[in-house]
Protein chains: 2
Amino acid sequence: MRRKELLDYARQMDREDPLAAFRQEFAIEDPDLIYLDGNSLGRLPTRTSAKLRELVDVQWGDRLVRGWGEHWIGLPQRVGAKIAQLIGASEDEVLVCDSTSVNFYKLTMAALDAQAGRDQILTDSANFPSDIYLLQGCAKQLGRHLEIVEPGSVLDALGSRTALLTLSHTSFKSGYVHPMLKLTQAAAEVGAVTLWDLSHSVGAVPVDLGACRAELAVGCTYKYLHGGPGAPAFLYVRRDLQERLSNPIWGWFGQKEPFAFGLDYAPADGIRRFMAGTPPILSLAAVESGVDLILEAGMDAIRRKSVLQTQFLIDLWEAILETIGFTLNSPRDPDFRGSHVSFGHSDAFQIDQALIRDMNVVPDFRAPDSIRFGVAPLSTTFEEIVHAVGRTEEVVRTGIYRQYPTLRTGVT
Amino acid sequence: MRRKELLDYARQMDREDPLAAFRQEFAIEDPDLIYLDGNSLGRLPTRTSAKLRELVDVQWGDRLVRGWGEHWIGLPQRVGAKIAQLIGASEDEVLVCDSTSVNFYKLTMAALDAQAGRDQILTDSANFPSDIYLLQGCAKQLGRHLEIVEPGSVLDALGSRTALLTLSHTSFKSGYVHPMLKLTQAAAEVGAVTLWDLSHSVGAVPVDLGACRAELAVGCTYKYLHGGPGAPAFLYVRRDLQERLSNPIWGWFGQKEPFAFGLDYAPADGIRRFMAGTPPILSLAAVESGVDLILEAGMDAIRRKSVLQTQFLIDLWEAILETIGFTLNSPRDPDFRGSHVSFGHSDAFQIDQALIRDMNVVPDFRAPDSIRFGVAPLSTTFEEIVHAVGRTEEVVRTGIYRQYPTLRTGVT
């Protein structure tokens, strides 16, 4: 297709988009900005802005400590129950509290404690470095062995020594999506527990933990769920395991009767035992309206649009970006692709800088040499995608990116 | 003094109060409400409300992921450096991140790991139950022995087996303040590490961790620091210990180069290694303006007013509350008293309910039989204290509290 045809196609797709009206649900302060980093921090829902004003000025400012009984005490479970609908879980299997890292630590320690006779923790090199760091810490603390294999070798590495298999469902770099059902079943067959990190899937890629009989999961709420910077994360524990697993952090919000102020810890029945301390209410409340938007749109419609948009990015790569030195680092098969597309380029760091500073396009750079273009189906248009690729081409053809420092000098 | 004289005295004190102007810094939605639970959730500073609107609508809504570089990435250290000024710490010794419980867990595990040859964890029965639960969990996880002694027996229980002494500086129940210098020195003499919980002190009771050479501390920001519901907590690690202690939660915000995305964890130099995951920015940013108010008022002036107000509560107890069945559960000596006064009554649970629902007074009840009246010197007036005691007297003399369920039936 020629340029004109690509733009016409994009505009046609936007006109026919059944989710088009959802863009109005977000604060779009700068209509010229092309924001393709919703996989890092999702856009602000306008209803979140209104909700937070009410929370701060009325619930806190006027009701003060009474806000706990009136509004806040059940928030971790209430928002968790909504997220449960997005990941094939039951409402009593999900909580929102703490950061992804702290939740990942809690569930890893709980799983390893329950798998005392097995010494291997298994993950792959496509996992988040942040998860791998936590696993290294847990392995050291508990005297287990962490094995990091290539993504294609996970099945071969599973065995009777495997205590825990943990993977990022959608890879933060390539956007590759693991076959969750197959891997979870294979792990279960050898007696290993599986812990999925859904941070790059939830709200963009369908997940069915229940159908997979997955034991454990965590996930981030500030990416495709539009929860806001550093919003607390969710954790999932399969119902039948909740009373068999122990939270390593014996906090009062996980205590059976937190307001009895007794001196002996007894874990709450059910999912609440996986809480630790008092949750950050402002950040937690912001999560709810983003999740509501995803539920209103429906995961099927979101996934359909996401696949069309990432496919369009790949078509544009073939038409334009490949000719100016970009490689495609994401799967072509949509069944194995999340909601972002990663392109490689030897000058990716400088190009990313020029896109942000000179072209009003915000993708993100991932070391050493890739740029991620993420689509958030509720707010990204097809026309934005055409323009993003067009502006990228301009940056490369004009060479203006060369004014920015290279990675070696630019990052300390 | 007679009633009229008490009220005259209170009004005189308010007129002469050098901190009187600070009350205007808070949202006072209901001028008739007497709020004496700032030791549980502090009032909303009006500047926090404005700051959050800017954070949500501009920093998140408009700047999106660029907000991290422009505003957020340094917040844990920046707010920590301000809190450091309130507790006698250096600016590179304090961080704000995670909940008090998670921070307490991190520092307890770090201390025990560094004290491998000692099997005793020592605390007292006046400590927060929440801290005691965490200690029980850590003791089980690491095979140590938790010893809980009476507050007066701490010195006797310290010995060569003691790995960690941990106490709440100001007791959440009685308001008793431990002699920090004496206890920290005694612990150091036997080679024990001390971890102070400053939750009921910071912003109300002067603390000088540096002068005590205290090793570790944590504290809450949603009480006297006015940080908002569930606001993240701070942690303190003495400078010379930072590289010798290890955070059990190897999160990416504590990693040396979090954005290099390498696969091997290496802790950051300095205090940052005690972070875990991404901090909840909305809740964290709200902490800063509350701390600013405390710094502007100055801890000396705050403490002077706090002592006068708690003394006034004790005077009113002698004049009125003692005659209707209340006991005084807090120290008379101001050197050993925090910023709340606890009164015991066999019907305390019902009286507390009646105060909240019928009299527009919000103190708080603590099981089994006490009511805490907390003063937040920047927002509590002397006149409010007179009226709170007057309304309490009315509740008891009229017997209207008897319509509420007793503790046994009222709390499940």
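The values are calculated or read from the model by the stated rules, or taken from the named source; none is laboratory data. What you are looking at is a predicted structure, and each value in this text was computed from that prediction instead of being measured. We place every Cβ from the backbone using ideal geometry, glycine too, and count neighbours over all the protein chains shown. Only protein heavy atoms, including side chains, enter the accessible area calculation; ligands, DNA and RNA are left aside. Shrake-Rupley method; radii C 1.70, N 1.55, O 1.52, S 1.80 Å.
Things to note:
- Residues that are within 19 Å of B:Phe253 (Cβ to Cβ) and either in contact (Cβ under 8 Å) with a residue 24 or more places away in the chain or of a type in the set (Ser, Thr, Tyr) (or both) within the stretch B:85-99 comprise B:Asp92, B:Glu93, B:Val94, B:Leu95, B:Val96, B:Cys97, B:Asp98, B:Ser99, listed in sequence order.
- Test: residue in the stretch B:197-204 that is closer than 18 Å to B:Met299 by Cα and among the polar types (S, T, N, Q): yes
- Scanning the stretch B:9-60 for residues that are within 19 Å of A:Thr48 (Cα to Cα) and either in contact with a Ser or Thr (Cβ under 6 Å, 6 or more places away or on another chain) or open to solvent by 10 Å² or more (accessible area, probe 1.4 Å) (or both) gives B:Thr48, B:Ser49, B:Ala50, B:Lys51, B:Leu52, B:Arg53, B:Glu54, B:Val56, B:Asp57, B:Val58, B:Gln59.
- Per-region count, the stretch B:272-282, residues farther than 12 Å from B:Trp72 by Cα and open to solvent by less than 10 Å² (accessible area, probe 1.4 Å): 4
- Number of positions in the stretch B:205-218 that are within 18 Å of the chain's Cα centre (by Cα) and open to solvent by less than 20 Å² (accessible area, probe 1.4 Å): 7
- Test for A:Arg53: is it within 17 Å of A:Phe312 (Cα to Cα) and out of contact with any strand residue (DSSP E or B) (no Cβ under 6 Å at 6 or more places or on another chain): no
- When the test is whether a residue is surrounded by fewer than 20 Cβ atoms within 10 Å (Cβ to Cβ) and in contact with a Leu (Cβ under 9 Å, 6 or more places away or on another chain), A:Ile132 does not pass it.
- Identity of the residue in the stretch A:242-271, within 24 Å of the chain's Cα centre (by Cα) and more than 14 Å from chain B (Cβ to nearest Cβ), that ends up surrounded by the most Cβ atoms within 10 Å (Cβ to Cβ): A:Ile271
- Selection of the stretch B:119-129 for residues being within 13 Å of another protein chain (Cβ to nearest Cβ) and open to solvent by 30 Å² or more (accessible area, probe 1.4 Å) yields only B:Ser125.
- Candidate set: the stretch A:84-103, residues that are more than 8 Å from chain B (Cβ to nearest Cβ) and of a type in the set (A, V, I, L, M, F, W, C); chosen: the one surrounded by the fewest Cβ atoms within 10 Å (Cβ to Cβ): A:Ala84
- Verdict on A:Val291 being open to solvent by less than 50 Å² (accessible area, probe 1.4 Å), in contact with a helix residue (DSSP H, G or I) (Cβ under 8 Å, 6 or more places away or on another chain) and assigned to a helix (DSSP H, G or I): yes
- Residue in the stretch B:142-181 that is least open to solvent (accessible area, probe 1.4 Å), counting only those that are assigned to a helix (DSSP H, G or I) and out of contact with any helix residue (DSSP H, G or I) (no Cβ under 8 Å at 6 or more places or on another chain): B:Ala157
- If the condition is being more than 9 Å from every other protein chain (Cβ to nearest Cβ) and in a loop (DSSP other than H, G, I, E, B), then the stretch B:276-288 contributes no residue at all.
- Looking across the stretch A:182-204 at every residue that is among the hydroxyl-bearing types (Ser, Thr, Tyr) and not in a strand (DSSP E or B), the one that is nearest to the chain's Cα centre (by Cα) is identified as A:Ser199.
- Single unsatisfied condition, B:Ala116 versus (1) more than 14 Å from chain A (Cβ to nearest Cβ); (2) open to solvent by 20 Å² or more (accessible area, probe 1.4 Å); (3) not in a helix (DSSP H, G or I): (1)
- Residues of the stretch B:362-379 satisfying the condition of being within 22 Å of B:Ile302 (Cβ to Cβ) and over 17 Å from the mean Cα position of the chain (by Cα): B:Val362
- B:Ala231 open to solvent by 10 Å² or more (accessible area, probe 1.4 Å), at the interface with chain A (Cβ under 7 Å from one of its Cβ atoms) and either at pLDDT 95 or above or more than 17 Å from A:Thr100 (Cβ to Cβ) (or both): no
- The test for being of a type outside the set (D, E, K, R), within 14 Å of chain B (Cβ to nearest Cβ) and touching a residue at least 24 places away in the same chain (Cβ under 8 Å) does not hold for A:Tyr236.
- Selection status of B:Val65, within 12 Å of chain A (Cβ to nearest Cβ) and either modelled with pLDDT of 95 or more or surrounded by fewer than 22 Cβ atoms within 10 Å (Cβ to Cβ) (or both): yes
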